[in-house]
Amino acid sequence: MKKNKGLSAILQAVMSHSAMAVKDKYYPRWHLAPITGLLNDPNGFSFDGKYYHLFYQWNPLSCEHRNKCWGHWRSKDLITWQHQPIALMPDEVYDKDGCYSGSAAMNNGKLTLCYTGNIKFSHAGRSAWQCLAVENEQGDFDKLGPVLGLPEGYSGHVRDPKIWQYQNRWYMVLGAQTLDNQGKVLLYTAPDLYQWQLLGELAGSHLGGLGDAGYMWECPDLFELNGAFILLTCPQGIKPEEKDFLNTHSSAYLIGHFDYNTHQFSHGELIELDAGFEFYAPQTTLAADGRRIMFGWMGVPDGEEMYQPTIINGWIHQMTCPRELEIKQGKLYQRPIKELQQLRNKQQHWHGIADNAPEVDDVSVELDIQLSGGLSIYFSDTLELIIEKNQAILKRRSFKNAQWHSRYWQYPVTQLQILCDSSSVEIFFNNGIGVMSSRFFASEKQQIKFSGKDKITLTYWRLNDALVK
């Protein structure tokens, strides 16, 4: 995509299609979404001391996985966001087939992006460079070019660098695939952002006590949290279990200990990060007050995404809400950030038998439910949450053929926090120890209904719109 020609085409696409997108009944009221085209992975989520920055994979020209640019929002409060100029376009020989995912960090007082430049060959196959770009005084980003090529012994599927600084050294985790199709996360270090040295394989298939764990580990993110280390990753090729890892591709995490001296990461089992129908490519940053905040893409590659009805209006996908991560008693918890409470309006409270609960007739609402027995919640005619004795089941009609599919969270449920938007639901179990994120597209008016013979305590708020300027 040549820069001048690409900018002209993007401007035309935005002028032609953005009005259709924002008027779509499925367009979110308070989640982040593209004004046109396709959005996927959150990129470069960072805080520069004044603003939070959230970049994102964006094809402004169509709803296909092509022409990947980096779109850019920024915010002072994680609620109200501002559109910024396109940060990266695939206009150089080293990124001509896409500016793929990556991260951002402050370096010498300037916001610096580290991303994968993707190259596809006409005779099949691909290669990749890890590249840098730095913010200039105008708020645009100047590309500095590649700083790391393909490591020996790995395929062209090496991507998604996450960089951070520790004790005056830089570190990078990088998703990779070996030549015999084993997914790995590589660990690098550098005195600056240019001279990277491979320290070895941090985690992956047949490492750290894991067996066969997929053919490619995408979107790694390693960080310390409450005295432990978390590695987020997206292991492609995980064999589905009866009730776990049921999506085409899943997001997962490892909890353990990382030693900066030996560069070894000891960890436990691979755990699914979100058990819903749509969640992928999470990325985190530290908030101004030290909280670890995460965004995810509310989508899944290679699934039923291209059957979503928003495509007719020229847009597809959205982000999750921002979530705070914590570790309690060795378990990872995710909760909506406290700032989202600013959107609450018109609190209502009810207690009684679930069958008698009032219907909630709104497209944008937050619910808090205390329960001690069974419960069913119907989200219009396309999505149902069933709480049984020792599990939760989320059922949804297929986008492709309207058949019912199910996802599971296999523990007793005593509390639910549910955030709904125009075409999405995020369900947090027991104060965030489990989560299910899903899109749904009601054929008629969106309503939430309750069913069950046990008592529940229901508190709910209508949510105001969040601004994107």
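The values are calculated or read from the model by the stated rules, or taken from the named source; none is laboratory data. What you see is a predicted model; the values in this text were computed from it and never measured. Methodologically, a virtual Cβ is constructed for each residue, glycine included, from the backbone with ideal geometry; neighbour enumeration extends over all protein chains shown. These area figures cover heavy atoms from the full protein model, side chains too; ligands, DNA and RNA do not enter into them. Shrake-Rupley method; radii C 1.70, N 1.55, O 1.52, S 1.80 Å.
For segment 29-36, take each phi angle, set θ = phi - 60°, evaluate the Karplus expression 6.51 cos²θ - 1.76 cosθ + 1.60, and give the result in whole Hz per residue in order, putting x for glycine and proline.
Values per residue, Gly and Pro as x: 7, 9, 7, 7, 8, x, 7, 6 Hz.
What 222 nm value per residue comes from the helices of the chain, counting each DSSP H run with n ≥ 4 as -39,500 (n - 2.57) and dividing by all residues, nearest 500 deg cm²/dmol?
Computed mean residue ellipticity for the chain: -1500 deg cm²/dmol.
Can you tell me how segment 305-458 classifies by the Cα gyration tensor, rounded, prolate or oblate, using a/c under 1.5 as the rounded cut?
rounded
I'd like to compare 66-78, 420-432: which one has the highest average count of other Cβ atoms within 10 Å, and what's the full order after that? Walk me through the intermediate numbers first.
Numbers: 66-78: 19.8, 420-432: 22.2.
Ranking the peptides 66-78, 420-432 by packing returns 420-432, 66-78.
Can you list residues from other chains, or at least 5 along the same chain, whose modelled amide H is less than 5 Å from the amide H of SER398?
Result for SER398 returns GLN403, TRP404, HIS405.
Toward the positive end of the charge dipole of the chain, about the Cα centre and with charges on Cβ (Lys, Arg +1; Asp, Glu -1), which of ASN108, ILE377, SER422 goes farthest?
Selected residue: SER422.
Once you list every other residue whose beta carbon is under 14 Å from the beta carbon of VAL134, what net charge do they have if Lys and Arg are +1 and Asp and Glu are -1?
-4
So which of LYS25/LYS120; LYS25/LYS110; LYS23/LYS76; LYS3/LYS400; LYS50/LYS338 end up more than 28 Å apart by C-alpha? Display every interim value, and only then the final one.
Values: LYS25/LYS120 37 Å; LYS25/LYS110 40 Å; LYS23/LYS76 26 Å; LYS3/LYS400 37 Å; LYS50/LYS338 19 Å.
Too far apart for the 28 Å limit: LYS25/LYS120; LYS25/LYS110; LYS3/LYS400.
Carbon and sulfur: what percent of the chain's accessible surface (1.4 Å probe)?
Result for the chain: 46 percent of the exposed heavy-atom area is carbon or sulfur.
Long-range amide H contacts for MET216: which residues qualify at under 5 Å (H placed 1.01 Å from N, peptide plane, sequence gap of 5 or more or a different chain)?
Under 5 Å from the amide H of MET216: GLY183, GLN236.
Determine the distance separating the Cα centre of segment 179-221 from the Cα centre of segment 87-158; give it in Å without decimals.
18
May I ask you to list the chymotrypsin sites (Phe, Trp or Tyr not before Pro) in segment 236-318 that are in a DSSP loop and have at most 13 other Cβ atoms within 10 Å of their Cβ?
Here the sparse-neighbourhood loop sites are TYR260.
Would you kindly derive the ³J(HN,Hα) couplings of segment 438-444 from the backbone phi angles with the Karplus curve 6.51 cos²θ - 1.76 cosθ + 1.60 (θ = phi - 60°), listing them in order in whole Hz, with x for Gly and Pro?
Using θ = phi - 60°, the values come out as 8, 8, 7, 10, 5, 6, 10 Hz.
Once you list every other residue whose beta carbon is under 13 Å from the beta carbon of TRP217, what net charge do they have if Lys and Arg are +1 and Asp and Glu are -1? Spell out each step's value before the answer.
Numbers: positive: ARG159, LYS162, LYS184; negative: ASP160, GLU201, ASP212, GLU218, ASP221.
That sum, taken over residues with Cβ under 13 Å, equals -2.
Using Cα centres only, tell me the gap between segment 418-469 and segment 247-276 in whole Å.
What the calculation gives is 28 Å, centre to centre.
May I ask you to evaluate 6.51 cos²θ - 1.76 cosθ + 1.60, the Karplus curve with θ = phi - 60°, for each residue of segment 90-105 and list the ³J(HN,Hα) values in order in whole Hz, giving x for glycine and proline?
Whole-Hz 3J(HN,Hα) from phi for segment 90-105: x, 10, 10, 4, 8, 9, 5, 9, x, 8, 7, 5, x, 9, 8, 7.
Per residue, how much accessible area does the chain have with a 1.4 Å probe, in Å²?
Per-residue accessible area for the chain comes out at 41 Å².
Could you tell me which chymotrypsin sites (Phe, Trp or Tyr not before Pro) in segment 137-238 are loop residues by DSSP with no more than 14 other beta carbons within 10 angstrom of their beta carbon?
Details: sites: PHE141, TYR154, TRP164, TYR166, TRP170, TYR171, TYR188, TYR194, TRP196, TYR215, TRP217, PHE223, PHE229; in loops: TYR194, TRP196, TYR215.
Those satisfying the criteria are TYR194.
Cα gyration tensor of segment 220-327, axes a ≥ b ≥ c as square roots of the eigenvalues: rounded (a/c below 1.5), prolate (a/b > b/c) or oblate? Mind dumping the intermediate values first?
On the way: a/c = 2.77, a/b = 1.55, b/c = 1.78.
Judged from the Cα gyration tensor, segment 220-327 comes out oblate (a/c at least 1.5, b/c at or above a/b).
If a/c stays under 1.5 just call it rounded; otherwise compare a/b with b/c (prolate if a/b is bigger, oblate if not). Do that for segment 72-129, with a ≥ b ≥ c from the square roots of the Cα gyration tensor eigenvalues.
Prolate shape, in that a/c is at least 1.5 and a/b is the bigger ratio.
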